[in-house]
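Beneath this line is the structure, given in structure tokens, with notes to follow.
The values are calculated or read from the model by the stated rules, or taken from the named source; none is laboratory data. Please read these numbers as outputs of a predicted model, since none were measured by experiment. Because the Cβ atoms are built from the backbone with ideal geometry, glycine has one as well, and the counts that use them run over all protein chains shown. With ligands, DNA and RNA removed, areas are computed over all heavy atoms of the protein, side chains included. Shrake-Rupley method; radii C 1.70, N 1.55, O 1.52, S 1.80 Å.
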Amino acid sequence: MPVTGLQQLLEGVLDRAPTSLALLGARESLTYRALADAAAAVAAGLHRQGVNPGDRVAWRLPNGEEALVLSLACYRIGAISVPVNQRFTPAEITALVELVTPRLVVLPAAEVLADTDCAAAAGDRLVPWPDLLGAEPLPAVNGLPEDHPALILFTSGSTGHPKAVVHSHRGCLAAIDSCRQALAFSERDVVLVGKPLSHAGGLHTQLLPSLQAGARVLLATRPSPETAVSLINRHGVTEYGLLASDLLDFVDYLEASGVSLPSLRLVIGSGDTVPIDLQHRFQALFGWPVLEGCGLTEVGSYYAIQPLHGTRHPGSIGRAAPGVELRILSSTGTEEVPVGSIGEVAIRTSSATLGYWRNPAATEGLFRDGWLLSGDLAQRDADGTFWYRGRRKLVIVRRGSNVHPTEVEEQLDAHPAVHAAVVVGVPHPRDGAVPVAWIQPNVVGEPVDGEVLGTWLAGRLAAYKRPITYLPIDALPRNGAGKFDRALLQQRAIKTLAVQ
């Protein structure tokens with residue numbers, strides 16, 4: 001049995017252009033040949049540490065050469081790569097280690113002593129990065145089946161504890177290739193990867209599709225707008241993907257600075273809805289629209305994305321991504337809803353997860369008749385365009401009527417005094433649950449005028465959809481995935497209203 005497609009991810013580029021640059025660094029750059037050789041050497045270093053096919057290798061490394069090389073090395077020898085989110089708390093790290101029982105936990109040398117959170121959880125499994133270097137390169141392990149586990153990613157945990165999502169060699173490659181096609185990456189591209197590699201958004205929608213296509217890649221960790229602009233102009237970046245919440249800061253900076261970014265051909269915002277007002281501001285700056293897509297850790301990439309060419313519908317998440325089939329199901333999950341109705345997105349694709357690590361009950365509940373139940377709500381137009389309407393668990397049921405937070409947020413974000421808004425549900429003795437809006441004003445410290453916002457919404461939303469109160473906040477908190485932390489904001493809203 002030959003090596004898997006994932007193990008051969010770089011072979012096409014190595015055959016045609018081994019000396020072309022893969023990674024662009026501040027001090028030195030790395031060619032594709034050097035990258036492949038480094039992965040083979042670190043694979044030998046893992047083997048020397050006793051890592052065998054099926055063993056888990058957890059790592060907590062910043063976006064950089066080491067994280068990429070270690071990922072490729074794990075795939076090479078059939079180990080399961082387990083990225084550890086840099087923002088995980090000590091309790092989350094301990095739970096992760098107890099769940100996946102890694103053979104090794106790899107940290108940068110400088111952090112082995114400083115990172116007490118990982119050190120306490122890992123014990124004698126802790127290995128500094130330099131200990132994996134210096135071995136003779138190891139050939140890829142032959143005979144792994146395509147459904148052999150390759151990667152464990154953790155969900156953002158916005159409505160509960162993060163779950164360990166297992167992806168196979170086949171699934172990883174399918175996710176990577178889908179994104180390469182959707183974003184039309186080529187060897188002419190220079191891609192700035194700002195999303196963390198501990199998430200599918202950084203690993204599968206940015207880094208690995210770029211390398212599969214032979215592009216040059218810059219690795220950063222959620223760079224500030226100023227840093228991102230500097231990198232884009234210095235290296236002639238053509239594509240930049242970032243979270244919708246970070247896109248807001250990026251556009252704010254560009255409007256204030258007046259700087260231009262002539263090399264960019266594509267910017268994609270994901271992880272949350274990109275407000276229409278923000279899309280208009282982006283279009284005014286660049287003369288072309290920001291791209292939107294919607295992905296899922298359990299799919300490993302985008303399941304829907306706006307087309308690069310042809311008709312785009314602002315505010316939509318576009319059409320099914322390459323290699324993906326989508327259906328919109330009723331609340332019972334047994335039948336499709338009519339066109340234009342809201343239902344749950346069901347997904348069928350080769351990139352779907354194998355399931356949740358050591359959680360058969362949750363895995364069983366994830367699938368129905370070969371379709372993955374996403375938990376996302378959306379509606380489909382007659383032309384096949386999908387519109388995201390939020391998470392099923394976040395719907396606020398007010399006296400039997402559904403309130404979708406994203407719909408309310410869209411209208412609040414359009415108000416000139418609002419920088420960003422998050423709407424959460426709070427239990428109510430008569431209504432069941434009511435919407436409450438957290439408002440980050442455009443000017444820090446500026447008071448939030450609930451009457452003004454209520455009047456603004458009165459002509460735009462039905463009464464039952466309007467928040468009962470508007471709570472000011474200087475900066476909306478983010479969760480481990482960098483998205484707005486809705487669970488935390490809901491808890492705070494409940495406490496705040498209880499005091500009032």
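Brief remarks on what is shown
- Any pair with Cβ under 8 angstrom, 6 or more apart, that starts in the stretch 166-188 at a residue that is more than 14 Å from residue 208 (Cβ to Cβ) and ends at one that is open to solvent by 10 Å² or more (accessible area, probe 1.4 Å) and in a strand (DSSP E or B): 166/149; 166/356; 168/149
- For the stretch 297-343, a tally of residues being touching a helix residue (DSSP H, G or I) at 6+ places or on another chain (Cβ under 8 Å), among the hydrophobic types (A, V, I, L, M, F, W, C) and farther than 16 Å from residue 385 by Cβ returns 1.
- A search for C-beta distances below 8 Å between a residue of the stretch 238-252 that is closer than 16 Å to residue 409 by Cα and any residue that is among the charged types (D, E, K, R) and open to solvent by 10 Å² or more (accessible area, probe 1.4 Å), counting only pairs 6+ apart in sequence or on different chains, returns 244/272; 245/272; 245/478; 245/483.
- Near pairs, Cβ below 6 angstrom, 6+ apart or cross-chain, from the stretch 354-369 (over 20 Å from residue 148 (Cβ atoms)) to any residue that is open to solvent by less than 80 Å² (accessible area, probe 1.4 Å) and at pLDDT below 95: 368/333
- So residue 334, is it surrounded by fewer than 12 Cβ atoms within 10 Å (Cβ to Cβ) and among the β-branched types (Val, Ile, Thr): yes
- For the stretch 54-103, the set of residues classified as among the polar types (S, T, N, Q), under 18 Å from the mean Cα position of the chain (by Cα) and in a helix (DSSP H, G or I) consists of 71 only.
- Residue count, the stretch 87-106 (criterion: over 12 Å from residue 154 (Cα atoms) and in contact with a Leu (Cβ under 9 Å, 6 or more places away or on another chain)): 5
- Within the stretch 18-39, residues that are open to solvent by 70 Å² or more (accessible area, probe 1.4 Å) sit with their Cβ atoms under 6 Å from residues that are not small (Gly, Ala, Ser), at 6+ positions apart or across chains, in these pairs: 19/31; 33/18.
- Any hit, the stretch 121-140, residues being at pLDDT below 90, open to solvent by 50 Å² or more (accessible area, probe 1.4 Å), in contact with a strand residue (DSSP E or B) (Cβ under 8 Å, 6 or more places away or on another chain) and outside any strand (DSSP E or B): yes
- From the list 422, 434, the one residue that fits, being assigned to a strand (DSSP E or B) and in contact with a helix residue (DSSP H, G or I) (Cβ under 7 Å, 6 or more places away or on another chain), is 422.
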